[in-house]
Every structure is written in C-alpha cells, then in structure tokens.
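Rule-based calculations on the coordinates, nothing more; no lab input. Just so it is clear, the model here is predicted, and its values are computed rather than measured. Every residue, glycine as well, gets a Cβ built from its backbone with ideal geometry; the counts of neighbours run over all protein chains shown.
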Amino acid sequence: MFLLRYSRRWRLIATIFVCQVMLWSALRVVLYATLREEPIGIGRLIAVLVIGAGFDVLASLTSLLPLIFLISVFRLRWLGRPSVRLMLLAVTFFVLSFNLFVEWFFFEEYSARYNHLALDYLMYPDEVFGNIFASYNVPLFVGIAVGLAAILTWWNARRTAPVFDDWSWRDRLAGTAAATALAAGMWLAWSVAPYTTGASRVADELSLNGWAQLVRAYLTSHLDYEAYYAMLPEAEAETRTARLVGQGDAAKGLVRHFTPRGRPAGNPLDIVIIMEESLGSIFSARFSGTTDDPVTPELDRWSRSGMALTSLVANGNRTVRGMEGILCSFLPLPGDSVVKRDRSENVASIARVLAAQGYQTTFFTGGYGLFDNVKPFMTANGFAEFVEQPDYPADAFRTVWGVADEFVFDDMIARQQAARAAGRRWFSATITGSNHKPFDVPPGRVSWPEEKSDRRGAMLYADYAVGRYLTQAKAAGLLDHTVVLVVGDHGSRVYGAEEIPVTSYRVPAVFFSPAADHQGVTIDRLVSQIDLAPTLLSLAGIEYDAPFFGQDLLGLPDEGGRAFVNHNRSIGMLTDSALVVLGLHQSRTFYTRPDRHSDVFANVPGTTAPLRELAADTTAAFQTAYHLYLERRYVLP
C-alpha cells in the first residue's frame, strides 16, 4: 500500500522528468543538426545520443531531488489543488523551454555546453542581461517559450493527477529512506559517469548536459590542482621548468635577469599595450593567410611597418586569460585566471616592473573595472591609475559594455601627452570593447552592409579606431619615443575538435618601435602571449629581474616555439608538431600535426619518447606555476 500511495505522489515528479528529458534530448538533436563543425559517424552519433540520454536522466533526477524529498517527507495537500499544480508546471516548463534558446545560443558562440564562462556571466547581471537584450530578440524567444510551456501544461492537465492524501509518519520514514537511497545512487552514478565518447571535443560537448556542466564548473572553479592533475617529483619539475624558460640555475627559481636586446639600456621608451577584444587572426588577410572578406585593413597596413607576429597563440578564450598572459607572463592555470583569483594582490607584472623604474602606469577600459575583477587586480599589481566608463565625456558613444574604442584612445593620447610634458615616462595598457555583442558602433565611421555579420562590422570599426589612434599618435610625435603593442586578447569564437581548440586561438600581434631595424619585420615563430611582455620590455630598453615564464623573442629562430593554452579545465602545451593536453583525473591526450602552420590535428597515443617528454615538460610547467601562485612566490625580487 505504501508503494501505491508513493507512486501516486510521484506522478508530479514523473511529469516534469519526462518533459525535461524530452526537451533536453530534442535540444541535443537540434545542436547536432545545426552547429556541429566536423562529421560525426553513425556509430559515434549513437554513442553521443545514448550517453547524452544517460546524462539527461541523471541531471533531471538530480535537479528534482529537492522536490522528491518534499513529497517524500511532507503531506503537501496543497499540491493536490489543480490551480497550484498547473501553475507550478507552467513555470517549470517555461524555464525549461527558455533554457533551450539560451543553451543553443551559448553553444553557437562557444561550441560548448554551459561552462565557467556562463558561470562568470551570472556574476555580472547588469552587463550580461543588457548585452542579451541588445543582441537578441528576447521578446520573440520568451513568447515561443511561453507558447511551448502552455502546450506542455495543457497536455499534462489531461493526464492523471497526483494524489496527495494522508501521509503517516511511517510513510514519511519510508519515503525519506527511498529518497536518500536515490540520492546516494545519483552520487555514485555521477562519480563513475564518463565525460567523453572518445570522438572529439564537440561530440563530447553534445553528449553532456548543460545544467550538469554549469554545476561542475562551479565545483571546479577553485579546484585543488594536485588532487586532479598529473604531477612530477618537485625537483624534476623545477629542473624541467628552468630549462623551458631558459634559467641556467634551477636553484635560483624562475627569477631571471633580463638584458634588453632590442635597445640599449639607459634611455628607455614609453610603452603602450592595446589588447583588442576578440581580435582573432581570421579577421585579417595578413595574419590568417587568406583574403576571404578581411575586416582589418588598418592593422594589415600598419603591420607592414612594425614587427608582426604571424604565429601567435592566445592563452585561452577569455579576456582575463589574455590579460594574465600579456601583462603577467603567467601560465593559464585551470579554474580561474589569476586576474580573478584570491591570491593575486602582488603578482609579478609588466606594470610592476615599470612602476619600479619610475613610469606613470595607467590602465584603460571603456567599461566598468569591476567586471571580471579587472580594476581590483590592476590597481593591486602596478597600475597607479585606472580609467573606466565614468571618466569619459558624457556624450561619448556607449553600449552596455562601455564607451566606443575611439574615445578610449583619445583619452589615452591626451594623458600620455600630459605625462610627456611633465617629464614622466609613460606606460598604459588598454582593453577595448567595441568588438563585442551587441556590436553597436558610432555611426558614420565605417560602411558595412546590413545583411552581413554584425560581428565583422564591429571588427571593422575596432580596426578603424586602432588605425585612427596610430595615425594620431604618429602625428603627435608619440611614436618617436614609444613602443606600441597591438594584440588580440583571444579569438572571436571557439571552434575545433581538439580538447583545447587551438585553431581558434590564433591572434595577431604587432610591435611598433621607432627603431628602424624593428620595422618591416616578421616573426613566424610559434609564440605565446606570455612572450609579449619580455619582448616589449626588450624593445623599450628595460633591464630588470622577474620570474616571467615568457621569452624575449628577439633573435630566436622560427623553429622550436611553443605556446601554453587553456580551455575550461584542460591545460596544455602546443609545439610546431604536437599538442599535449592535461585534464582532470590525471588524464593526458596527445595530438600531432605536420607543422606550425597546420590546423589539422590527429589524435594519437602518447607512446613515443618525444610525446612523453613533451607531456612531462607540460606537467612540470603548470605544476610549478600552480605552486608559485599558491605560495605567493610569483613576485618580483
């Protein structure tokens, strides 16, 4: 009799469960049909659907556990009222239906289920929801979700209603035991559930569940590196890392003495860093090697008079990843960037190096510095001044992400001129924002057909603003005593089948120096964003000591480069011919490619000696970086 009464109460759970799994399975099929970027064979497709259904069942039951415990413990007669029950179902079905659109657009942008990016966005609702309403037809999708929820509610109203009759203490004890057993079963199932189909990164993402991945991102945002990733004996790790960075004496740690090779020390130049939002190489004819609708004519033209890096790979696919690589020459640890971590108030950075040598240091953003913890990090790590949205003219063109790029550059030029007049050396770093959804730009600057991508139109404006800045800086005489770096913080979107989709991590970078021997130069070596700060300081004539992981690129051969990369919880090292990926549970994945210009990777077993050595070096570098951060030892001497 208990089982009969319990099953009647469970009808409400079953209704939501069936609809939840049905909608999630339908979303998986739609994602496969519309957004996959590489062929998935019938065998792998079946595996994706089967594993995906299993994840959906687990995620649905897990999300319903609070309701399961409620109906197992309490009488809940009020849920027997049709009006209350149908209202609950209507709200639930609306949330599930609207989530379909949110997940689709997230997957379209990042080729992934919800991950730490979605978690980050939830922390900044003003910017994110403003961006959503400006970029998408939200009322349309809300209306569709309301219609779908109404249909599901009507369909379920015709079914047999749950019965919430008397529920004795004996029933409650038995129900609690049953719910506890189910919860234990869910915990066990999650602990052994596979996170890969053995196919590709995108196929794995298709098989996962968005809600489950969001929770997983939260639980691993500050994970214990030593508990999840492959490790080496400490002495071996230190020796390998010292060799990788060019430290002659491993006993001295990572702190090295950097002597400038780009300019004699003693009369250093001003330094300007412009980090361009979402500037992937695919936008450029010069840096992508194609002429398929390029939208960076100014950068392409100016790059001919600078030192262009044509094989630069970003740290990751987030702005804060670019910042930690460009400004701190630090590796992209799994979890949060050092920009957002809680032990980052005194890390080594290019701003700290220059502040110690008397430079006026200023950080510019068109938005608000609280987003992604940028302002607290920058002001705690060498930047004496922080310029953000309220500091620009009231009539400056704005979007939800801040003022347009040209207004940021105008203020930057004015402040550098004032510093020059006062006899102060100048260092500034800027993160732009115009090439970001909703892709609104000041009218009349560029001409872009309405029927074409808004993203590429915004990039055309961002390129215009950079070209305008360089033209004005040259006319003002600033480029005669300044080294300028223009670099993408990350690519425009994520694509590629590898666990770390390095194909989409290619970004352009150009150094502009007044020295004639650094003009019209191309460096085709595979390089990382961590190499930019040492090279920039070398070009400016700065002599210093620092524990930077990067190298001064001047004088290095084209062959033998490497880049450190991150994607979600995967970390790795890319070389001219291979990619090794370190993942959770001490996993290692290996890929090979013909050369550094190729984006065709083959998944291979790590059985060769060179691949094993590469894995050991990668393990050593990230392990050392983690310990330096954890023990607050990544500091200037």
Which of rounded, prolate or oblate describes segment 277-551 when judged by the alpha-carbon gyration tensor and an a/c cut-off of 1.5?
rounded
Taking Cα atoms, how many degrees apart are the long axis of helix 138-157 and the longest axis of the chain, rounded to 10 and kept between 0 and 90?
20 degrees
Using a/c under 1.5 as the rounded threshold, could you call the chain rounded, prolate or oblate? The axes a ≥ b ≥ c are square roots of the C-alpha gyration tensor eigenvalues, and prolate needs a/b larger than b/c, oblate otherwise.
prolate
Looking at segment 536-637, which trypsin sites (Lys or Arg not before Pro) are in a loop (DSSP not H, G, I, E or B) and have at most 16 other Cβ atoms within 10 Å?
Arg632, Arg633
Do you know the Lys pair count in the chain for C-alpha distances under 27 Å, with sequence separation 8 or more or different chains?
4
What three numbers, in Å, describe the spread of the alpha carbons of segment 2-219 along their principal axes, ordered from the longest?
55, 40, 34
Rounded, prolate or oblate: which fits segment 494-620 when a ≥ b ≥ c are the square roots of the eigenvalues of the alpha-carbon gyration tensor, with rounded for a/c under 1.5 and prolate only if a/b beats b/c?
prolate
Sequence of Leu45, Leu219, Leu630 once ranked by neighbouring C-beta atoms within 10 Å, starting from the fewest
Leu219, Leu630, Leu45
Quick one: if the Förster radius is 51 Å, what FRET efficiency do Ser577 and Arg159 give, using the C-beta to C-beta distance and rounding to 0.05?
0.30
Return Leu76, Leu100 ranked ascending by Cβ neighbour count within 10 Å, so the fewest neighbours appear first.
Leu76, Leu100
Mind ranking 85-96, 598-609, 3-14 by how tightly packed they are, going by the mean number of other C-beta atoms within 10 angstrom, highest first?
85-96, 3-14, 598-609
For 275-283, 416-424, ranked highest to lowest by mean beta-carbon neighbours within 10 Å, the order is 275-283, 416-424
Among DSSP beta bridges whose residues both lie in segment 277-551, state the antiparallel percentage, nearest 5.
40 percent
Order of Met22, Met378 under a 10 Å beta carbon neighbour criterion, fewest first:
Met22, Met378
Just for the chain, what percent of DSSP beta bridges are antiparallel, to the closest 5?
55 percent
Calculate, for Glu559 and Asp395, the FRET efficiency according to 1/(1 + (r/R0)^6) with r their C-beta to C-beta distance and R0 60 Å; round to the nearest 0.05.
0.70
Set the Förster distance to 35 Å, then compute FRET efficiency between Phe129 and Arg493 from the Cβ-Cβ distance, nearest 0.05.
0.95
Burial-style ranking of 180-186, 443-449, 57-63, 620-626, average other-beta-carbon count within 10 Å with highest first, yields 620-626, 57-63, 180-186, 443-449
